[in-house]
Amino acid sequence: MAFVDFEHVSLAYDEGGPLAIEDISFSVQENEFVAVVGPSGCGKSTLMKLVSGLTEPTEGYVYLGGRQVAGPQKCIGMAFQASNLLPWRTTLDNLMLPLEIVQPYRSQFRRRKQEFIEQARALLARVGLAGAENKYPWELSGGMQQRASICRALIHKPRLLMLDEPFGALDAFTREELWCMLQDLWQEDPFTVILVTHDLREAVFLADTVYVLSKGPGQIVAQKQIDEARPRSLEFTYSKPFADNVQELREHIGRIRAVQ
């Protein structure tokens, strides 16, 4: 059974209005890494809202873990292009936030606080942020903020990580460093990932499967398996198989843009 399952899903944000996505059907297996690419306005972020239960489909069904999505899901972690770290909380306190509000951790927080602090420190150390626990967001670089944001999304051990352009605002070198960081976290302790991105290189480097959406209303026009060995090093991005995969996706995007 798929962990995430879309069955003929369409969504119009306003009753009788234009569709944002139309007749979307696809599945994500447990611990699979999926990327969704497409032109602006194709409905990539809409898919995230539907999976997380922040909005309901106009038609069709969305299932998570075999159950129809109905309302916000606590088994999901989310990170966005902006780190959204709370400026009045330290790095460590920002990481602790999900444990303070998500059950069952919330009811256990006082009793297990020291244990949770050690877990948060260990996670920060894994992503190169040891020593930054007591710094505030304004004291961190953009890359450090995104590392902390992804740690915050993972601290409560979600079964699904949803990423919406998490590296889009970073310079190329930092972005590639964080690709490797995310790959390492995912391989060390697997979880299901849906990554929304405009970056075709990012999609090919990280994903098992890439879905291409058309212009709005978004429809799946291509599905590409990335059958390359892991872990993938940055040297892989200079190889012919990598370039061929990126070029194939670019051709799909080019055909979409050519349609008026």
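No lab work stands behind these numbers, since they all come straight from the coordinates. Quantities reported herein were computed from a predicted structural model and do not represent experimental measurements. Neighbour counts run over all protein chains shown; Cβ positions are idealised from the backbone, glycine included.
Which three extents, in angstrom, do the Cα atoms of the range 141-239 have along their principal axes, listed largest first?
35, 31, 26
What share of the DSSP beta bridges in the chain is antiparallel, in percent to the nearest 5?
50 percent
Would you mind calculating the gained length between Arg257 and Ala70 on full extension (0.36 nm times residue separation, minus the Cα-Cα distance), in nm to one decimal?
Once the chain is fully extended between Arg257 and Ala70, it gains 63.9 nm.
May I ask for the net charge around Leu64, where only other residues with Cβ less than 15 Å from the Cβ of Leu64 are counted and Lys, Arg are +1 while Asp, Glu are -1?
Result for the local shell: -1.
Using the Cα atoms as the points, what is the convex hull volume per residue of the range 51-128 in Å³?
140 Å³
Beta carbons within 10 angstrom, averaged per residue: use that to sort the peptides 47-55, 60-68, 10-18, highest first.
47-55, 60-68, 10-18
How many angstrom lie between the Cα centre of the range 138-174 and the Cα centre of the range 214-232?
22 Å
Could you order peptides 192-198, 94-100 by the average number of other Cβ atoms within 10 Å of their residues, highest first?
Going from most to least packed, we get 192-198, 94-100.
For the range 1-88, I need the span (max minus min coordinate) of the C-alpha atoms along each principal axis, in Å, sorted largest to smallest.
42, 33, 25
Could you tell me the extents of the range 90-201's C-alpha atoms along the three principal axes, largest first, rounded to whole Å?
45, 31, 21
Can you give me the P(r) profile for the chain? Cα pairs, bins 5 angstrom wide beginning at 0, each as a whole percent.
1, 6, 13, 16, 18, 16, 13, 9, 5, 2, 0, 0
Using only the alpha-carbon atoms of the range 49-96 as identical scatterers, what base-10 log of I(q)/I(0) does the Debye formula give at q = 0.29 Å⁻¹?
Per q value, in the given order, log10 I(q)/I(0) is -1.07.
Would you mind computing Rg(Cα) / (2.2 N^0.38 Å) for the range 25-160, counting N as its residues?
Compactness ratio reported: 1.16.
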